[in-house]
1. Does GLU123 count as acidic (Asp, Glu), modelled with pLDDT of 90 or more and out of contact with any Lys or Arg (no Cβ under 7 Å at 6 or more places or on another chain)?
2. Output the residues belonging to region 52-62 that are surrounded by 14 or more Cβ atoms within 10 Å (Cβ to Cβ) and not hydrophobic (A, V, I, L, M, F, W, C).
3. If you go through region 4-14 one residue at a time, do you hit one that is out of contact with any Cys (no Cβ under 9 Å at 6 or more places or on another chain), loosely packed, with under 13 Cβ neighbours inside 10 Å, modelled with pLDDT of 90 or more and on the phi < 0 side of the Ramachandran plot?
4. What pairs come up if the first residue lies in region 2-18 and is without any contact (Cβ under 8 Å) to a residue 40 or more places away in the chain and aliphatic (A, V, I, L, M), the second is assigned to a loop (DSSP other than H, G, I, E, B) and surrounded by 11 or more Cβ atoms within 10 Å (Cβ to Cβ), and their beta carbons are under 8 Å apart, counting only those six or more places apart or on different chains?
5. Restricting the first residue to region 36-51 and requiring it to be in contact (Cβ under 8 Å) with a residue 12 or more places away in the chain, which pairs with a second residue that is in a helix (DSSP H, G or I) and of a type in the set (Val, Ile, Thr) meet a Cβ separation below 7 Å and a spacing of at least six or different chains?
6. Kindly provide the set of residues from region 15-51 that are assigned to a strand (DSSP E or B) and either of a type in the set (Val, Ile, Thr) or buried (at least 19 other Cβ atoms within 10 Å of the Cβ) (or both), ordered by number.
7. Within region 35-57, identify whether any single residue is more than 19 Å from THR134 (Cα to Cα) and among the β-branched types (Val, Ile, Thr), and answer yes or no.
8. Applying the selection to region 1-23, what residues are among the hydrophobic types (A, V, I, L, M, F, W, C) and under 11 Å from ALA97 (Cα atoms)?
Amino acid sequence: MTAPLSSFVLLTEAGGPIQPVEASAAREGRTVVLSVMVSPADYTRIDEAAMLHLDAFMRGPGEGRLDRSRPVRITARLHDARAGVLLAKAGNDAALAAALESASDDDPLCQQGSWYALTVTQEMSPGLWAGYRTEWVR
């Protein structure tokens, strides 16, 4: 089950924070998965700086289908060690969402480098999504 996040910010090394248009989080086995919808401008920043470990060599086919003028959904998993600590504290998805929302600026949970992009997709028409997967998908 996915829990929506009313407020969550990804902090970056430069250029200011990434404020998702919408965000949600869920437990998936022993990991934490974050889904964020970002603006076209924020996706450009993420893409150009290879944030969320989104290096060009880690991307699968389909990247060229994205329309750079529309929002993009990124699904990412939390670094394994950080996920273990967070999951030990958060007993369910609601507690997980609360922990992410209340994380301070210096908390690794808010640092973009703690997250590994799994998929990057965009709604092409109602109900039809296209994009690409990364090598971080296990």
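The values are calculated or read from the model by the stated rules, or taken from the named source; none is laboratory data. Every value quoted in this text rests on a predicted model; they were computed, and no experiment measured them. Reconstructed Cβ throughout: ideal geometry from the backbone, glycine too, with neighbour counts over all protein chains shown.
1. yes
2. Step one: of region 52-62, the residues surrounded by 14 or more Cβ atoms within 10 Å (Cβ to Cβ) are 52-54, 58-59, 62.
Residues satisfying the conditions are HIS53, ARG59, GLY62.
3. No: zero hits.
4. Cβ pairs passing all conditions: ALA14/ALA49.
5. Filtered contacts from region 36-51: VAL38/ILE46.
6. If the condition is that a residue be assigned to a strand (DSSP E or B) and either of a type in the set (Val, Ile, Thr) or buried (at least 19 other Cβ atoms within 10 Å of the Cβ) (or both), then ILE18, ALA23, SER24, ALA25, ARG27, THR31, VAL32, VAL33, LEU34, SER35, VAL36, VAL38 are the ones that fit.
7. Initially, region 35-57 is screened for residues more than 19 Å from THR134 (Cα to Cα), giving 39-41.
Checking which are among the β-branched types (Val, Ile, Thr) leaves us with none.
Checking region 35-57: not a single residue is more than 19 Å from THR134 (Cα to Cα) and among the β-branched types (Val, Ile, Thr).
8. Step one: filter region 1-23 for residues among the hydrophobic types (A, V, I, L, M, F, W, C), giving 1, 3, 5, 8-11, 14, 18, 21, 23.
Matches in region 1-23: ALA3, LEU5, PHE8, ALA23.
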